[in-house]
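Coordinate-derived values only; no laboratory data. The model shown is predicted, which means the values in this text are computed figures rather than measured ones. Cβ placement follows ideal geometry from the backbone for every residue including glycine, while neighbour counts extend to all protein chains displayed.
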Ligand SMILES: Nc1ncnc2c1ncn2[C@@H]1O[C@H](COP(=O)(O)OP(=O)(O)OP(=O)(O)O)[C@@H](O)[C@H]1O
Ligand SMILES: [Mg+2]
């Protein structure tokens, strides 16, 4: 034989090492995530030595630092949900339409110009977005709707939505462009229009990737801090009304972290409790998104 | 040519390709093609790789419109409408509604089996659920797939075997009652049994619809087609009844190709 395989032991050793290295890398990601979660939860637990679960889930006010403290988490939850929903109402439709345009309609040259510009949106510091919401968008909306308060969830949510458009559009576009040309041809060949092909064949074919984009957008919106801290006001309020000021979980964490808190104070502990809730909420939406994706995959 | 006139006079003509040229940008891919395609007959396009079979076929479906820089020249007239399907004035959508295409590799949509076949009807704005169900069943019966899939119509088409997927794609093309279906090497990705089924199918389908089929397989051309066109380097070398082409071709090139003594 001219081509003798290399020694089998060496080959096996190499395969073994490569497999172990790959496994370690993947394992590291899991370890880090679990580590962070564990720290959060162990630091959060002492909070419940001084606050009962009934207070935490039963009270509708959140004012742990006041002389008359209340420890109800719901105002922070509603603040987070309202701003997130507003942001998604902006980012998901616009981002998806942009992705369809860029992937299916835009001339390559147009795409080459628009795509980097769009991705630049994601590179602007979030503090800039925060002041943009506070000093431009809110005053603009007040012209049409004078009752709007200077700090409000609407302006913050809208600007946050604009901020996460690139996350939606960029990933969705990649997913749609990965759809084989043969599927588009198959649709067009039997008389479908370009629009029908884009929305009824390309979009569903790319849906798995597009859900990933949406999940990322949700996580981004829930976790976004600067915009809501600056523009939504820092007053916890149990309300779903977007024209009111409110405080999100992230904004609360910033607010208390800025003060000087003794290590064992309730304020210090509350940071970790809110952090843990934030973590759970993001996890919840991630799992929900994954389930939606799985369900879709099963159906098609 | 008397033969041609006979076809025209009998009003049996379906597609008349007249002095047709095609360009991929600067590449002159088809040169002065003349071809008469009779109604409800199957025409095979044969020839060595790169001779322009797919290019000609895709012109009939205006697929080249999808990519910039392509140019049609000359005429392809669809009868009885007398519609020049390659004219820039004619809407490619209108052409594709009358002439649908089946591809080399099965390309079912990631939808259910039912939705795949119903797709062409739905995009034409047909809303009548009964009519759609009826058409879907008839198309699936026509391609011999109904009994295999009738209990799993709502499952993904991607779960079908390659041969079943290809028949599904044919059903999808059939559902909208096209006048012509063009096939680009529809069996080259399939095993012999699946291939035999498709060939049988083509023989059945041509009772109702005109068929143009590209194939690399001489036996296949002989088995399924009534007429055969032999192409070479962008030109149509010889066109005639399949039995004549395969038994006594009039051109030396054709003979060399079909006997395998090529070049
Ligand atoms: N997009 C394109 N741009 C430029 N030239 C092309 C393009 N597509 C095909 N060609 C050329 O046109 C000629 C005909 O190609 P075509 O695909 O029609 O051949 P074919 O007969 O179908 O071959 P095969 O049997 O291999 O499928 C070839 O010389 C090919 O190189
Ligand atoms: Mg080809």
As a percent rounded to 5, the proportion of antiparallel DSSP bridges among beta bridges in the stretch B:7-258 is 60
Rounded to the nearest 10, the angle in degrees between the Cα long axis of helix B:129-142 and the longest principal axis of the Cα atoms of chain B comes to 50
Among the Cα-Cα pairs of the stretch B:50-97, the proportion with separation greater than 12 Å, in percent, is 63
To the nearest 10 degrees, the tilt of helix B:192-205 (Cα long axis) against the first principal axis of the alpha carbons of chain B is 80
Scaled by the rule-of-thumb 2.2 N^0.38 Å, the alpha carbon Rg for the stretch B:7-258 gives a ratio of 1.00
With T = 37 °C, eta = 0.692 mPa s and Kirkwood Rh from C-alpha pairs, the Stokes-Einstein D of the stretch A:105-151 in µm²/s is about 253
Proxy exposure order for B:226, A:237, A:68, B:191 (fewest C-beta within 10 Å first) is A:68, B:191, B:226, A:237
Projected area averaged over all directions for the convex hull of the alpha carbon atoms of the stretch B:79-170, nm², comes out at 7.2
Using alpha carbon positions and the Kirkwood radius, the Rg to Rh ratio of the stretch A:75-299 is 1.05
Expected sort for A:154, A:38, B:190 with the fewest Cβ neighbours (10 Å cutoff) up front is A:38, B:190, A:154
Taking every residue of B:117-124, the Cβ atoms of other protein chains inside 10 Å of its Cβ average out to 4
Note to self, chain A gives a 222 nm [θ] from helices alone (DSSP H runs n ≥ 4, -39500 (n - 2.57) apiece, / all residues, nearest 500) of -22500 deg cm²/dmol
Binned at 10 Å starting from 0, the alpha-carbon pair-distance distribution of the stretch B:90-225 in whole percents comes out as 13, 46, 34, 8, 0
Convex hull around the C-alpha positions of the stretch B:160-238: the volume in Å³ per residue is 100
So the angle from the long Cα axis of helix A:8-44 to the longest Cα principal axis of chain A, reported in degrees to the nearest 10, equals 20
Taking a ≥ b ≥ c as the square roots of the Cα gyration tensor eigenvalues, with a/c under 1.5 meaning rounded and otherwise prolate when a/b beats b/c or oblate if not, the stretch A:186-274 comes out prolate
Here the equivalent ellipsoid of the stretch A:48-137, derived from its Cα gyration tensor, has semi-axes (largest first, whole Å) of 43, 16, 10
Across B:105-114, the residue-averaged tally of Cβ atoms belonging to other chains within 10 Å stands at 5
Counting only backbone N atoms under 16 Å from a point 7 Å out along Cα-to-Cβ of residue B:155, the residues of the stretch B:167-207 in range are B:168
Under a Gaussian network model of chain A whose springs join Cα atoms within less than 10 Å, the largest fluctuation of A:162, A:51, A:113 belongs to A:113
Relative contact order of the stretch A:75-299 (C-alpha contacts under 8 Å, at least 6 apart) in percent is 30
Mean separation of Cα contacts under 8 Å (at least 6 apart) over the residue count of chain B, i.e. the relative contact order in percent, is 26
The Kirkwood hydrodynamic radius of the protein assembly as shown, taken as the inverse of the mean 1/r over all distinct Cα pairs, in Å, comes to 28.5
Long-range share for the stretch A:1-117, i.e. C-alpha pairs more than 18 Å apart as a percent of all pairs, stands at 78
